[in-house]
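Okay, so here's the structure we're looking at.
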């Protein structure tokens, strides 16, 4: 399944991802005509990445937003924070093929971009690929379904 682009996408970053995020917001809104909500940060002043990763993950998890994009220096912090949410599959991508595979095989719903390790052009290309690529389902759906931790009746995993 591809993303429902009748719903807006959610985007956010910390200070390290701010510059790329601002350019991606303009690219997606102005050039691609995609509705989105920018969850911040709104400057290059130092901030804490969970303050932006959690609102984006909440927005995607609620299904009010079709998918998310998060940026920070390495993408590790935002991915770790976002993946704490039950229905989020946030994937760190630094090559276009990884953005494609994250969608096809993992049904990722948040793309995490390491702004200090990729060019802006590559970030834009990965966003385009992430949006355009559908989840293959099949054997991959069986694997994705096993990601959630299921509690037994005693509260043990």
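Just so you know, all these numbers are worked out from the coordinates, no wet-lab data involved. Note that this is a predicted model, so its numbers are computed, not measured. For neighbour counting, all protein chains shown are included, and Cβ atoms are generated from backbone atoms with ideal geometry for every residue, glycine included.
Name the shape class, rounded, prolate or oblate, that the alpha-carbon gyration tensor gives for the stretch 1-93, where a ≥ b ≥ c are the square roots of its eigenvalues, rounded holds for a/c under 1.5, and otherwise prolate holds if a/b is larger than b/c and oblate otherwise.
On the way: a/c = 1.84, a/b = 1.10, b/c = 1.67.
Since a/c reaches 1.5 but b/c is at least a/b, the shape of the stretch 1-93 is classed as oblate.
For the chain, just the Cα atoms, rotate onto the principal axes and tell me the three extents in Å, largest first.
Sorted largest first, the three principal extents are 46, 31, 28 Å.
Relative to the longest principal axis of the C-alpha atoms of the chain, give the angle of the C-alpha long axis of helix 120-132, reported between 0 and 90° and rounded to the nearest 10°.
The answer is roughly 40 degrees.
Among 11, 147, rank each residue by its count of other Cβ atoms within 10 Å, from fewest to most, as a rough exposure measure.
Fewest to most other Cβ atoms nearby, the residues stand as 147, 11.
For residue 45 and residue 143, FRET efficiency with R0 = 30 Å and r from the beta-carbon atoms, rounded to 0.05?
0.15
Would you mind getting me the FRET efficiency between residue 62 and residue 35? Use the beta-carbon distance for r and R0 = 22 Å, nearest 0.05.
Computed FRET efficiency for residue 62 and residue 35: 0.90.
Given only helices, namely DSSP H runs of n ≥ 4 each adding -39500 (n - 2.57), what is the per-residue ellipticity at 222 nm of the chain, to the nearest 500 deg cm²/dmol?
Calculated from helices alone, the mean residue ellipticity at 222 nm is -11000 deg cm²/dmol.
Taking the Cα centre of each part, how many Å lie between the stretch 1-45 and the stretch 62-129?
Value for the Cα centre distance between the two parts: 12 Å.
Run the numbers on the chain and let me know its relative contact order in percent, using alpha-carbon pairs under 8 Å that are six or more apart.
Normalised by residue count, the contact order of the chain is 23 percent.
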